[in-house]
Amino acid sequence: MPQRNMIEAIRSALADEMAADERVFVLGEDVGVKGGVFLATDGLLARFGEDRVVDTPIAEAGIVGVAIGASLHGLRPVAEIQFADYIHPAIDQILNEAARFRYRSNGDWHCPIVVRAPFGAGVHGALYHSQSTEALFTSTPGLKVLAPSTPYDAKGLLIAAIRDPDPVVFFEHKQLYRGAREEVPDGSYTVPIGRAALRRPGNDISLFTYGLMAHHSLAAAEELAREGVDVEVIDLRTLYPLDHAAILESVRKTGKALIVHEDKLTGGLGGEVGALIAEHAFEYLDAPVRRLASPDVHAVAFSDVLEAHFMLNPAKIAAAIRDLAAY
Amino acid sequence: MSDAAAAPAPHDLCGDHAAAGLADAQVLAALRGMIQARAVDDRLWLLSRQGKAHFVITSAGHEATQFGCALAVHAGRDYVVPYYRDMALAMALGQTPLEIFLHALGRAADPSSGGRQMFGHFNSRALRIVSGSSSVGSHPLHAVGLAWAFRITKERGLAAMTLFGEGATAEGAWHEAISFAGIHQLPVVFVCENNQYAISVPQAREVPVPDVAAKAAGYGMPGVIVDGNDLFAVYAAARQAMERARAGGGPTLLECKTYRLRPHSNADDDRKYRGEDEVSAWRARDPITRLERYALAAELIDQTGVAELRQAVAAEVEQAIDQAERAPAPAVETLFDHLYGAGEPSSDQ
């Protein structure tokens, strides 16, 4: 089976779905001749032509709005926002339009679009090429918000998103694009939307995370295993709607919960996961729910020193686990 | 535009209906439809004052623009992406007074939204009238996306029409839409219903040039200006634009100069921002009166016929209100319907 990194897995998902379904097309800035600034769409123009691989003007609301319109006629657009930092001009189209189309028309229309956006820090991207913007989208019914952490999941979830009848915002961590390869099959397969993945079973602490932090958390968990702390790592993958059952089942087993994300602490997804546990698993808890997140400053300063200080890493996560284990 | 109040001529519409490409029956149907739309509008404001309709937004004054445009649409084939001012348009495309009242009263059978959207958000997938939000200027992009879809599916002879006020042409998303359509010469007709006010803000404070149509020059398409209170002028221009679009000739920005004869909505007091003299002058150019005068002069109908028509419309409208008022509200369980497609997980399961 072929080995692929995440960007190759995403490219493979797009190519497979475009080959299998003529309704699927991609649009965005530089997605055509250049193949995308991260090369996610490299080679698609030559294979599928300019009607289905559309280089757009620099107009993010336009990219998503055009995708919405095309979806109303039955097409399956995959819009690329070049960096999640530039998704803000498209928020009206995503939240007010795409997410509400089905509901506001009482089921008359629906809006099967995917909006892909590279996110995350740690690549010297400074304030406007580093942001984690997922929390802007994880409180709007009608939307689905995904953030895969592995090449296999990236391909399977992207195909599931393209085939999904509702709008999906799909966050891809830039630092994972050219990370480790793993077996990613040729041809189509799906990973179910709405299901978290158990990455490492454990009995002492439940650690909930996603994206790049899933990898750092697993590294930290291995370190703590050597110290006799058995951490269960759950990769949420779907950030909205959350997999309530998986979260509650795990914390009822371990009695301790730590949520780790690169997004800011305040208003980040950790608050929602923590509230869910407090409401539905309070009597199982042996310690307060803990959150480890980026500090409440803007991601992220350009200076190497400041960037390193901002970023979470396995050592910081290990320290938080140690602290919670000792409670 | 000629001044109707001073005009001794029997009518002041542009040319005659045959020259505009309309048959006698189409003119009479449009006259009837416009009278009906105004009667529905009148009754909506009464329903609002009675506390039965929580929100009303008017199309009064825009009827010639909206009927002229609707006549240029192949209803159910071409897509129409309207805005909240377009009640007369929705009716011209096929929505009935009953359907309009069901929408205004938020009843379960409201075809636009099942009682979810406040009045003014006209929708019908069967008629290809596309549901909109209340955000100004967000929707023309959807018409552009539809036109892109025709390119991919290789469907020819189809166009999308999107309508908006001149206020929307200040929004970024409007510019993104018209720019994309111009770059790719897509089959989209952009119709600006310029009624000269964005609620209270006059055109001079919202558009830097006298004519919205002038903006077309920057986007690679013709800009056309018509008297929006003249059914024939609007129809001729809209038909030409739609035919050009369907034939692959590209988009058009069509500016229909008109006037809103009522406040923006039932929550607005227009006396704060415009004088009675100005409103009266535009009442004298009421598009329905002008069409009626034409129909009489052209002997398509006589005074008795007009009186009978108005009576028949009034009776229909009363019956529709009666029926809508008796129609059931949505069941509370439907609050959770249609968040996601069937079988999809919801966040609160």
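The values are calculated or read from the model by the stated rules, or taken from the named source; none is laboratory data. No experiment lies behind these values; they were computed from the predicted model shown. Ideal geometry is used to build each Cβ from the backbone, glycine not excepted, and the neighbour counts take in all protein chains shown. Calculation scope for accessible area: heavy atoms of the full protein, side chains included, ligands and nucleic acids excluded. Shrake-Rupley method; radii C 1.70, N 1.55, O 1.52, S 1.80 Å.
Within segment A:109-136, restricting attention to residues that are among the hydrophobic types (A, V, I, L, M, F, W, C) and open to solvent by 10 Å² or more (accessible area, probe 1.4 Å), which residue is nearest to A:A61 (Cα to Cα)?
The extreme case among them is A:L136.
Please list, ordered by first then second residue, the pairs with beta carbon atoms under 8 Å, 6 or more apart or interchain, first in segment A:94-110 and more than 7 Å from every other protein chain (Cβ to nearest Cβ) and touching a residue at least 12 places away in the same chain (Cβ under 8 Å), second assigned to a helix (DSSP H, G or I) and β-branched (V, I, T).
A:I94/A:V64; A:A98/A:V64; A:A98/A:I68
Quick check on my filter: what residues within segment B:147-180 are part of a loop (DSSP other than H, G, I, E, B) and touching a residue at least 12 places away in the same chain (Cβ under 8 Å)?
B:R156, B:G157, B:L158, B:A159, B:E171
Out of (1) more than 14 Å from every other protein chain (Cβ to nearest Cβ); (2) crowded, with 20+ Cβ neighbours inside 10 Å; (3) assigned to a loop (DSSP other than H, G, I, E, B), the odd one out for A:L39 is which?
Every condition holds for A:L39 apart from (2).
Tell me which of these A:M1 doesn't satisfy, since it passes every other one: (1) in contact with an Asp or Glu (Cβ under 6 Å, 6 or more places away or on another chain); (2) at pLDDT 95 or above.
It is condition (2) that A:M1 fails.
Go through (1) out of contact with any helix residue (DSSP H, G or I) (no Cβ under 8 Å at 6 or more places or on another chain); (2) part of a helix (DSSP H, G or I) for B:P208 and report which single condition fails.
(2)
Quick check on segment B:141-159: of everything there that is more than 8 Å from every other protein chain (Cβ to nearest Cβ) and out of contact with any Lys or Arg (no Cβ under 6 Å at 6 or more places or on another chain), which residue is least open to solvent (accessible area, probe 1.4 Å)?
Checked segment B:141-159; the qualifying residue least open to solvent (accessible area, probe 1.4 Å) is B:L158.
Taking the stated definitions as given, is A:E249 open to solvent by 70 Å² or more (accessible area, probe 1.4 Å) and within 28 Å of A:G156 (Cα to Cα)?
So A:E249 passes the test.
Pick out the one residue from A:S294, A:S250, A:S303 that is touching a helix residue (DSSP H, G or I) at 6+ places or on another chain (Cβ under 7 Å) and hydroxyl-bearing (S, T, Y).
Sole residue among the options that is touching a helix residue (DSSP H, G or I) at 6+ places or on another chain (Cβ under 7 Å) and hydroxyl-bearing (S, T, Y): A:S294.
Keeping to segment B:47-82, report how many residues are within 16 Å of B:R128 (Cβ to Cβ) and assigned to a loop (DSSP other than H, G, I, E, B).
Total meeting the criteria: 6.
Considering segment B:105-146 alone, what residues qualify as being hydrophobic (A, V, I, L, M, F, W, C) and in contact with a His (Cβ under 8 Å, 6 or more places away or on another chain)?
B:M118, B:F119, B:F122, B:V130, B:L146
Considering segment A:1-35 alone, what residues qualify as being crowded, with 24+ Cβ neighbours inside 10 Å and at positive phi?
The one that is crowded, with 24+ Cβ neighbours inside 10 Å and at positive phi: A:G28.
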